[in-house]
Amino acid sequence: MYISAKADRREFPQVDVNVDFVVAGGGLSGVCAAIAAAREGLRVALVQDRPVLGGNASSEVRLWALGATSHLGNNNRWAREGGVMGEILELNLYRNRQGNPVIFDMLLLDLVSQEKNIRLFLNTALMTVESSAAHIQAAAGFNSINETHYRFTAPLFCDATGDGLLGFLAGAAFRVGAEEREEFDEGMAPQENFGHMLGHSIYFYTRHTPEPVDFVAPAFALADITAIPRYKRLTSHLNGCDLWWLEWGGRLDTVHDSEKIKWELWKIVWGVWNYIKNSGEFPEARNMTLDWVGLIPGKRESRRFIGDYMLQQKDIIEQRDHYDAVSFGGWSIDLHPADGVYSKLDACLQFHSKGIYTIPFRTLYSRDIDNLFIAGRIISASHVAFGSTRVMCTSGQNGHVIGQAAALCAKRGWTPRQLAQPGHVQLLQNRLMENGGYIPRRALTSLPPATITASSTWHLAELPPNGAFQALDDRCALLLPLRAGERLPVLTLTLAAAKAQELAVTLMASKLPFNHTPEAILGERLLHCLDGEHRYTVDFGYRAPHDCYVFLALAQNSAIRIALSDAEPVAIKTVLNRVNPKVAKHSRQTVDGDYGVDEFDFWLPQRRPQQSVPSIAFSPPLRAYAPEAAIDGFMRPSDHTHAWVPDREDPAPELILQLTAPTRLAEIGVMFDNDFDHAMETAQWGHNERVSPNCVKAYTLWVNGRCIATVEDNTRSWRKHRVALAEPIAEVRLRIQGTHGGIPGVFALHCIAAD
Ligand SMILES: Cc1cc2nc3c(=O)[nH]c(=O)nc-3n(C[C@H](O)[C@H](O)[C@H](O)COP(=O)(O)OP(=O)(O)OC[C@H]3O[C@@H](n4cnc5c(N)ncnc54)[C@H](O)[C@@H]3O)c2cc1C
């Protein structure tokens with residue numbers, strides 16, 4: 001037994017933690033920053049005020065993490081995030097393809113706890129900052145569960161708290177609310193009824209029950225459902241993220257009025273459920289109950305901090321390039337009316353750009369505090385640009401950049417601003433790509449000179465028929481890669497028509513070679529289809545001026561069927577001119593105002609198992625998959641496949657890399673195809689398979705004739721292996737022993753030289 005005598009006063013214990021890098025906030029941006037820094041050798045403190053990691057993606061809020069793949073609803077091909085964020089998505093798909101948010105919590109805790117360099121402080125709310133002369137010395141917080149005060153000191157800090165607590169207390173400049181249209185010439189800058197900020201939301205999950213369940217609403221529930229102008233959209237089967245538009249608070253102070261907003265959202269949620277259960281409109285809801293209601297409101301917007309650059313609408317819509325591009329986004333600019341669920345306006349105004357845009361490093365640190373990185377939804381972006389950058393996979397990827405940048409700053413003794421200088425930032429760009437990151441339109445430039453050969457290469461002469469046919473119910477197109485100067489081969493398709501008729505075939509391409517929005521018509525042909533099944537040959541005589549994808553588009557005609565193939569060619573896709581109602585209203589983006597955005601058609605791939613390719617023959621074969629692609633510095637399809645693919649009959653596919661001068665290597669990185677088009681939504685969605693069929697499952701890696709890695713159960717696109725040998729390396733071999741069912745594709749075999 002322990003008895004304490006009366007005391008005049010008592011104090012809780014105080015623990016001092018000194019590390020290289022403090023990450024405040026454990027949402028996806030904070031988690032990715034902490035992991036990336038720890039893997040580069042920094043001692044990291046990750047401080048999170050809640051019992052789990054993940055922020056809005058955790059089981060506390062239950063949002064599915066989204067990013068540039070945009071539910072596969074726009075023209076951003078092969079746009080899934082890379083680096084640590086990509087790793088989290090792939091791991092979650094493998095371990096949790098049903099999208100259980102509780103499993104996602106566990107996965108993040110598992111990943112972080114495996115990093116020996118991370119000290120994780122859960123349930124610890126940072127509350128004070130010690131700073132002087134525009135520099136943070138320490139941040140302190142309290143854990144109410146173990147009654148302990150913590151004080152964290154480090155040379156570098158990252159604010160990933162969502163509201164920007166560190167930046168706020170340290171005195172960094174920030175903005176709240178929408179900018180005027182004139183400031184950045186932003187056509188989407190909202191008018192009074194669409195500003196001022198995006199509000200909070202609270203979600204609920206429903207469950208079917210074997211017996212009827214009665215429901216008595218709390219006294220605070222919304223009594224009159226017609227107060228919600230869009231209430232007719234409510235149905236009994238909507239769950240979680242489906243009801244993102246139960247949103248409110250955009251006109252309030254979303255930091256200090258957060259509790260008030262939460263109560264209004266509880267009122268709305270319980271009122272909605274009362275309507276579903278007790279209005280009589282949804283008889284099927286008798287055998288339903290609520291499984292879970294959010295206790296913490298999901299916050300969309302509050303402060304945005306100012307860096308050395310503010311991202312703005314034109315950066316996104318015009319896809320401007322920046323010398324310090326380190327990351328990318330591709331979610332639409334997605335703004336909501338300030339009155340949220342009580343607004344009569346559409347629940348969102350969403351415009352996509354024609355392809356992914358880059359994010360400059362100068363948006364990821366504070367202009368005013370010399371050792372403060374800013375991550376997540378508080379990065380330096382206008383309200384309009386924030387409408388796109390705020391989504392969690394983009395935030396997580398930016399977090400990875402910050403972790404990597406912190407390591408370089410620590411190593412070189414630089415501030416983030418010094419790292420951003422034109423002569424320095426390439427170090428960061430290369431290091432990101434050496435760790436599986438992706439920067440659009442930019443190649444890794446640190447590869448030692450080498451030549452590469454392969455046991456075989458798939459010369460794409462034919463996607464053989466499988467006997468099945470599919471009606472041309474939509475306009476559809478096959479995305480085909482061409483090398484600069486390559487002539488599009490003569491193409492042969494098999495069509496079955498109910499009666500003799502004509503079919504229009506169009507060849508199209510994007511104006512920007514890295515985009516996949518077909519705007520330019522390169523040629524048109526009319527096929528005179530006969531009654532029955534026949535082969536048809538098309539020759540456009542088109543020669544590509546630069547590497548690019550072309551769209552071989554067939555008109556919509558349900559009376560004609562096209563022969564299909566079972567081949568799942570790497571980085572060659574069928575796309576349909578369709579709408580995905582999750583992210584757009586029509587199959588074409590149309591603009592009904594002066595918003596400063598573009599009109600264009602959406603051409604969307606289908607998710608497996610719906611994805612199919614036509615049977616087609618190429619004469620001469622398409623030059624799609626040369627081994628040199630594995631060392632060209634581009635690590636995924638963009639303006640070409642950037643993939644090596646062995647011949648389909650090759651019994652022992654192998655890449656053989658000869659270094660021009662024997663070189664000491666630190667690491668070897670390999671990028672496999674794991675379908676960068678797959679959005680891999682983290683929660684609620686449910687996916688068809690745990691790994692993409694083309695992903696390499698088993699392989700060995702050899703240097704100077706010695707095997708340094710044997711992997712039998714790979715499920716990921718990016719794998720990196722340390723080279724423990726001190727001797728200079730002259731030769732590297734990658735031997736592929738199996739895939740998850742498809743043809744293997746290798747985007748990169750990268751040698752990373754020792755310092
Ligand atoms: C309702 C809603 C729907 C949305 N829909 C989507 C969607 O479908 N997909 C998508 O990707 N994005 C969506 N977003 C946007 C996205 O969720 C946020 O922009 C994103 O979470 C921002 O990431 P973050 O890391 O900055 O913040 P958060 O995810 O909020 O993480 C910040 C973390 O910091 C912690 N923290 C805060 N203060 C402190 C402190 N003082 N000390 C320690 N820790 C602290 C918080 O607990 C939190 O865990 C939506 C947002 C909302 C609210």
Restricted to segment 416-456, and to residues that are within 19 Å of the chain's Cα centre (by Cα) and basic (Lys, Arg), which residue is farthest from Gly355 (Cα to Cα)?
Arg442
Only listed residue being more than 12 Å from the ligand (Cβ to nearest atom), among the hydrophobic types (A, V, I, L, M, F, W, C) and over 24 Å from Arg300 (Cα atoms), chosen from Leu91, Leu72
Leu91
For segment 227-235, state whether one or more residues are part of a loop (DSSP other than H, G, I, E, B), open to solvent by 30 Å² or more (accessible area, probe 1.4 Å) and in the same structural domain as Glu318 (by TED's automatic domain parsing).
no
What are the pairs with Cβ atoms under 6 angstrom where one residue, in segment 407-428, is farther than 12 Å from Leu156 by Cβ and the other, located anywhere, is open to solvent by 10 Å² or more (accessible area, probe 1.4 Å) and not in a helix (DSSP H, G or I)? Sequence gap at least six, or different chains.
Pro422/Tyr323
Restricting to segment 34-60, what's the tally of residues that are more than 7 Å from the ligand (Cβ to nearest atom), open to solvent by 10 Å² or more (accessible area, probe 1.4 Å) and within 23 Å of Ala683 (Cα to Cα)?
4
Check segment 184-192 and report whether any residue there is acidic (Asp, Glu), under 18 Å from Gln350 (Cα atoms) and either open to solvent by less than 10 Å² (accessible area, probe 1.4 Å) or touching a strand residue (DSSP E or B) at 6+ places or on another chain (Cβ under 9 Å) (or both).
yes
Among the listed residues Ala563, Ala571, which satisfies the condition of being under 30 Å from Thr739 (Cβ atoms), touching an Asp or Glu at 6+ places or on another chain (Cβ under 9 Å) and not in a loop (DSSP other than H, G, I, E, B)?
Ala563
Among residues belonging to segment 94-114 that are of a type in the set (S, T, N, Q) and within 15 Å of Arg39 (Cβ to Cβ), point out the one that is least open to solvent (accessible area, probe 1.4 Å).
Ser113
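Any residue at all in segment 160-172 that is assigned to a helix (DSSP H, G or I), open to solvent by 60 Å² or more (accessible area, probe 1.4 Å), within 30 Å of Asp370 (Cβ to Cβ) and in contact (Cβ under 8 Å) with a residue 12 or more places away in the chain?
Yes, the conditions are met somewhere in segment 160-172.
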Please go through segment 304-327 and pick out each residue that is surrounded by 22 or more Cβ atoms within 10 Å (Cβ to Cβ) and touching a Gly at 6+ places or on another chain (Cβ under 9 Å).
Arg304, Phe305, Leu311, Gln313, Ile316, Ile317, Val326, Ser327
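So which residues in segment 464-489 are of a type in the set (A, V, I, L, M) and either within 20 Å of Ala571 (Cα to Cα) or modelled with pLDDT under 95 (or both)?
Hits for segment 464-489 are Ala477, Leu478, Leu479, Leu480, Leu482, Ala484, Leu488.
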Hey, Leu246 open to solvent by less than 10 Å² (accessible area, probe 1.4 Å) and under 19 Å from Gly340 (Cβ atoms) or not:
yes
Within segment 126-137, the residues that are within 15 Å of the ligand (Cβ to nearest atom) and buried (at least 18 other Cβ atoms within 10 Å of the Cβ) are Leu126, Val129, Ile136
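Let's see how each residue does on (1) open to solvent by less than 10 Å² (accessible area, probe 1.4 Å); (2) more than 22 Å from Ser455 (Cβ to Cβ); (3) in contact with a helix residue (DSSP H, G or I) (Cβ under 9 Å, 6 or more places away or on another chain):
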position: Ser612; (1), (2), (3): no, yes, no
position: Ala617; (1), (2), (3): no, yes, no
position: Arg623; (1), (2), (3): no, no, no
position: Ala626; (1), (2), (3): no, no, no
position: Arg636; (1), (2), (3): yes, yes, no
position: Thr641; (1), (2), (3): yes, no, yes
position: Trp644; (1), (2), (3): yes, no, yes
position: Arg648; (1), (2), (3): no, no, no
position: Glu654; (1), (2), (3): no, no, no
Within segment 176-226, tally of residues that are within 16 Å of the ligand (Cβ to nearest atom), not in a loop (DSSP other than H, G, I, E, B) and not hydroxyl-bearing (Ser, Thr, Tyr):
3
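Rundown of residues vs (1) open to solvent by less than 10 Å² (accessible area, probe 1.4 Å); (2) in a strand (DSSP E or B); (3) free of Cβ contacts under 8 Å to residues at least 60 places away in the same chain, yes/no style:
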{"position": "Met671", "(1), (2), (3)": "yes, yes, no"}
{"position": "Glu681", "(1), (2), (3)": "yes, no, no"}
{"position": "Gly686", "(1), (2), (3)": "no, no, no"}
{"position": "Arg690", "(1), (2), (3)": "no, no, no"}
{"position": "Ile708", "(1), (2), (3)": "no, yes, yes"}
{"position": "Thr715", "(1), (2), (3)": "no, no, no"}
{"position": "Lys720", "(1), (2), (3)": "no, yes, no"}
{"position": "Glu727", "(1), (2), (3)": "no, no, no"}
{"position": "Leu749", "(1), (2), (3)": "yes, yes, no"}
So which of Arg62, Arg77, Arg39 is of a type in the set (D, E, K, R) and within 21 Å of Gly162 (Cβ to Cβ)?
Arg62
Filter result for Glu264 (within 16 Å of the ligand (Cβ to nearest atom) and free of Cβ contacts under 8 Å to residues at least 40 places away in the same chain):
yes
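Yes/no per residue for (1) touching a residue at least 24 places away in the same chain (Cβ under 8 Å); (2) assigned to a loop (DSSP other than H, G, I, E, B); (3) surrounded by fewer than 16 Cβ atoms within 10 Å (Cβ to Cβ):
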position: Leu491; (1), (2), (3): yes, no, no
position: Thr506; (1), (2), (3): yes, no, no
position: His516; (1), (2), (3): yes, yes, no
position: Ile521; (1), (2), (3): no, no, yes
position: Arg535; (1), (2), (3): yes, no, yes
position: Gly541; (1), (2), (3): yes, yes, yes
position: Pro545; (1), (2), (3): yes, yes, yes
position: Phe551; (1), (2), (3): yes, no, no
Residues being hydrophobic (A, V, I, L, M, F, W, C) and in contact with a Ser or Thr (Cβ under 6 Å, 6 or more places away or on another chain) - total across segment 354-373
2
One residue from Leu66, Leu91, Leu72, Leu28 being under 24 Å from Ile356 (Cβ atoms), surrounded by fewer than 19 Cβ atoms within 10 Å (Cβ to Cβ) and at pLDDT 95 or above:
Leu91
Criterion first (within 21 Å of Phe672 (Cα to Cα), at pLDDT 95 or above and touching a Pro at 6+ places or on another chain (Cβ under 8 Å)) does Ile439 satisfy it?
no
Any hit, segment 457-476, residues being under 30 Å from Gln610 (Cα atoms), open to solvent by 20 Å² or more (accessible area, probe 1.4 Å) and touching a helix residue (DSSP H, G or I) at 6+ places or on another chain (Cβ under 7 Å):
yes
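The values are calculated or read from the model by the stated rules, or taken from the named source; none is laboratory data. Remember, predicted model here, so these are calculated numbers, not experimental data. Ideal geometry is used to build each Cβ from the backbone, glycine not excepted, and the neighbour counts take in all protein chains shown. We work out accessible area using only protein heavy atoms, side chains counted, and drop any ligands, DNA or RNA first. Shrake-Rupley method; radii C 1.70, N 1.55, O 1.52, S 1.80 Å.
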